[in-house]
Amino acid sequence: MLKMRVLRFAILLGSLIAALPLASAQDTPKPANGRLSGRWIVSSDIHGTTLYFQLELQQDGNKLTGKLNGDNLEGSVDGTAIHFLAKNDRGGSEDAKGSLKGETITGSVVSIDEDDPTHPETYQFSATMVPKRPIGPAKRHEFTPTVFYRSFSPANKPVLTVAPGDTIHTTTVDAGGADEKGVTRVLGGNPETGPFYIESAAPGDTLVIHIVRLQLNRDYAISDDGIVDRATDSDLAARNKDLWKNVRWHLDIAKGTASPEKPAEHLKNYSVLLHPMLGCVAIAPGPAQAPPGTGDSGGFGGNMDFNEIVEGATLYLPVRNPGALLYFGDGHAAQGDGELNGNALETSMDVELTVDVLPGKRIGGPRVESATHIMAMGLGGSLEDAMRDATSSMADWLNEDYKLTPSEVAQVLGSSAEYRISEVADRNAGIVLKINKDRLRGLAATTGK
């Protein structure tokens, strides 16, 4: 059984590790003349699972300082031999000894869990410097998917490697696995296009996804006629007990509307405006977490079903693995707040997006930005939990990028918060806290979101 401290290392890599700086350069860095200063990715096989940790080193002569997963460290260098001790304020520590060969540090760590100090754990590690951002003109990638995944797993082989600033143009299948021709390509359950490996992205960074274009590529969508349990009381549930039949919608792309193909008597003149969106955008969770299915959501993004993840929006996700491993899919032609039918107008889609990386920018969970609003995504087992998550996330955003004090954050939220119910259909409910950018124009934001 993993010691609690080692397990916490795995959890920290995605959501609790400290942000660390990354300089700009064109190639993978090489420690010159023994210089170790920089940011490193540490990997270790712990009881059969490869886990990633963050290491920041500053070398001054033979002296080392820095952080290991946010814990301050001190150490020394003697030729190629490296030793450092990292401690936290609760009594836990990591005593590391290793050697530098070429561009890699290898060695062992003795980890002491503050909750079980009499049983230290020793594990082997290797570390390489975080690859630096490539330079050169941005590229456009025309990608035709041949495989679709049904879990957001870090073990799935990347389908394409792209650089920050590059654009990906590709397609998705619908939630049932059917493509633009109506051909079922994969078992249903929100099968995803990807994962895409983003060069220079490392745990502790933020992946930026600019949605350039979402285009419907067929003339129908599928939905249901039921209402999910989370949105019904006992009387409504009883009235709806015989529902949950499939509904097929006609998508009139020229007119920009959708309507039931076989409408019941009172819906013969009913239509809704097309509003293409992506139900799923995700990065792979850290390897210590069991890979979630593509119907799930969390700090990694996933099946968020927020109807403002549309053309022109920008999504920010915290990186938990080298290369980030970006997935997307579950296209909707339109969806009301909450995804009350358990699905939306499910359809295939042409997708064009541009990716970028904010090095050393740590965020706790998904964020969305539109031309008019900044939006913090809250996800939890209940709407109350999701609201708390959204409020805390937005408070962090205002503190980090606008340098607001807790009192100032409270004043802004109390006067400007807008809450949207994004999702009630799946394991996690979703609530999004929005703030209109007009309310923030007098505040000086720092770079990065």
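The values are calculated or read from the model by the stated rules, or taken from the named source; none is laboratory data. Given the structure is predicted, the values throughout are model-derived calculations rather than measurements. Cβ atoms come from the backbone with ideal geometry, glycine included; neighbour counts cover every protein chain shown. Side chains included, ligands, DNA and RNA excluded: accessible areas come from the protein's heavy atoms. Shrake-Rupley method; radii C 1.70, N 1.55, O 1.52, S 1.80 Å.
Observations on the model:
- Selected residue [touching a Pro at 6+ places or on another chain (Cβ under 9 Å) and either open to solvent by 60 Å² or more (accessible area, probe 1.4 Å) or in contact (Cβ under 8 Å) with a residue 40 or more places away in the chain (or both)] from 382, 407, 393, 370: 393
- Subset tally (residues that are open to solvent by 10 Å² or more (accessible area, probe 1.4 Å) and without any contact (Cβ under 8 Å) to a residue 60 or more places away in the chain) for the range 176-203: 8
- Restricting attention to the range 204-244 and to residues that are among the acidic types (Asp, Glu) and in contact (Cβ under 8 Å) with a residue 24 or more places away in the chain, the residue that is nearest to residue 55 (Cα to Cα) turns out to be 205.
- Single residue of 327, 270 found to be open to solvent by less than 10 Å² (accessible area, probe 1.4 Å), hydroxyl-bearing (Ser, Thr, Tyr), over 19 Å from residue 370 (Cα atoms) and at pLDDT 95 or above: 327
The rows are residues; the columns are (1) farther than 30 Å from residue 199 by Cα; (2) modelled with pLDDT of 50 or more; (3) of a type in the set (Val, Ile, Thr).
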position: 19; (1), (2), (3): no, no, no
position: 43; (1), (2), (3): no, yes, no
position: 58; (1), (2), (3): no, yes, no
position: 114; (1), (2), (3): yes, yes, no
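- Strands (runs of 3 or more DSSP E) enclosed by the range 133-247 - at least 1 residues per element that are over 20 Å from residue 301 (Cα atoms) and not aromatic (Phe, Trp, Tyr): 140-142, 160-162, 167-172, 206-216, 220-224
- Elements of the type strands (runs of 3 or more DSSP E) sitting completely within the range 46-91 and holding at least 2 residues that are open to solvent by 70 Å² or more (accessible area, probe 1.4 Å), charged (D, E, K, R) and over 18 Å from residue 129 (Cβ atoms): these cover 71-78.
- Residue match in the range 344-358 (condition: open to solvent by 10 Å² or more (accessible area, probe 1.4 Å), of a type in the set (D, E, K, R) and under 21 Å from residue 188 (Cα atoms)): yes
- Apart from one condition, residue 244 fits all of (1) more than 30 Å from residue 164 (Cβ to Cβ); (2) under 32 Å from the mean Cα position of the chain (by Cα); (3) open to solvent by less than 50 Å² (accessible area, probe 1.4 Å); the exception is (3).
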